[in-house]
Amino acid sequence: MTGFKIVNLKLLVEEIGEEETKTLLSNFSCPLNEDVEEFLRIKAIEFSKQGLAQTHLVFASYRGKLTLAGYFSLANKYITVKSNIVKGKLRQRINRFAVFDQQAKSYCLSAPLIAQLGKNFAVKPSLISGDELLELACEKISTIQLDLGGKFAYLECEDKPQLTEFYSSNGFVEFDRRELDKDESGLSGDYLIQMLKYIKS
């Protein structure tokens, strides 16, 4: 996708320093999801240092200069998909690229987690759509998988129609639900919807 510049947060810190990077991130606003805003402003740099997740900043041209339009964070995970949940073409694809546990009746596969995804609402009009931002995250995963292997990406979201419909319209399929951890008390409900997508190379 053209028109956007993607910068790895860890490399940006190495280039311009942590304080200047924090100043840049402080201009990010996402009133629709405080967790998305808090992660980028407070946690993203530490997560990148610890290797827990790598954040990618998406810049677009605005009034003659590059401006932060949004971001996404990726983490490498192993997931279990129950065989009775997935059907049709998705099941055939999982069967080709995952290990099947006969006893548990489930597939085990490695898949990058799109851990965070957020647009910068501090800039108006918006410089990127949610569809474009998600597509950039999936393109990054596809590039990574050329070197490491794998064919899937997954994410977790709150059980809200606008979220599940957004991800479904972008090719993600629900495969399970996960109970919230103790440190996820700020989220609504008792669980997160887990969704999976086949990534074409």
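Quick notes on this structure:
- Accessible solvent surface per residue of the chain, calculated while the other protein chains remain in place, 1.4 angstrom probe, Å²: 57
- Nonlocal amide H pairs with Ile199, under 5 Å, H built at 1.01 Å: Phe152, Ala153
- In summary, the aspartates and glutamates within cross-link reach of Lys87, defined as a Cα separation below 14 angstrom excluding same-chain residues under 8 places away, comprise Glu174, Asp176.
- Around the amide H of Ala53, modelled in the peptide plane, lie the amide H atoms of Ser48, all under 5 Å away and 5 or more residues distant in sequence or on another chain.
- Candidates Leu163, Leu57, Leu136: whichever shows maximal mean-square fluctuation once the chain is modelled as a Gaussian network with Cα springs under 10 Å: Leu163
- The chain: angle of helix 130-148 to the longest principal axis, Cα-based, in degrees nearest 10: 70
- For the cross-link pairs Lys160/Lys200; Lys5/Lys140; Lys82/Lys151, the ones whose C-alpha atoms lie over 23 Å apart are Lys160/Lys200.
- Close amide H partners of Phe175, meaning residues 5 or more places away or on another chain with modelled amide H under 5 Å apart, are Gln194, Met195, Leu196.
- Dipole magnitude (debye, nearest 20) for the chain, charges at Cβ of Lys, Arg, Asp, Glu: 900
- Computed E for Leu24/Ile85 - FRET, C-beta separation, R0 41 angstrom, nearest 0.05: 0.50
- Angle in degrees between helix 88-97 and the longest Cα principal axis of the chain, rounded to the nearest 10: 80
The values are calculated or read from the model by the stated rules, or taken from the named source; none is laboratory data. This is a predicted model, so every value here is computed, not measured. Positions of Cβ are generated from backbone atoms using ideal geometry, with glycine treated the same way; all protein chains shown enter the neighbour counts. To get the accessible areas, we keep the full protein, side chains included, count just its heavy atoms, and leave off ligands, DNA and RNA. Shrake-Rupley method; radii C 1.70, N 1.55, O 1.52, S 1.80 Å.
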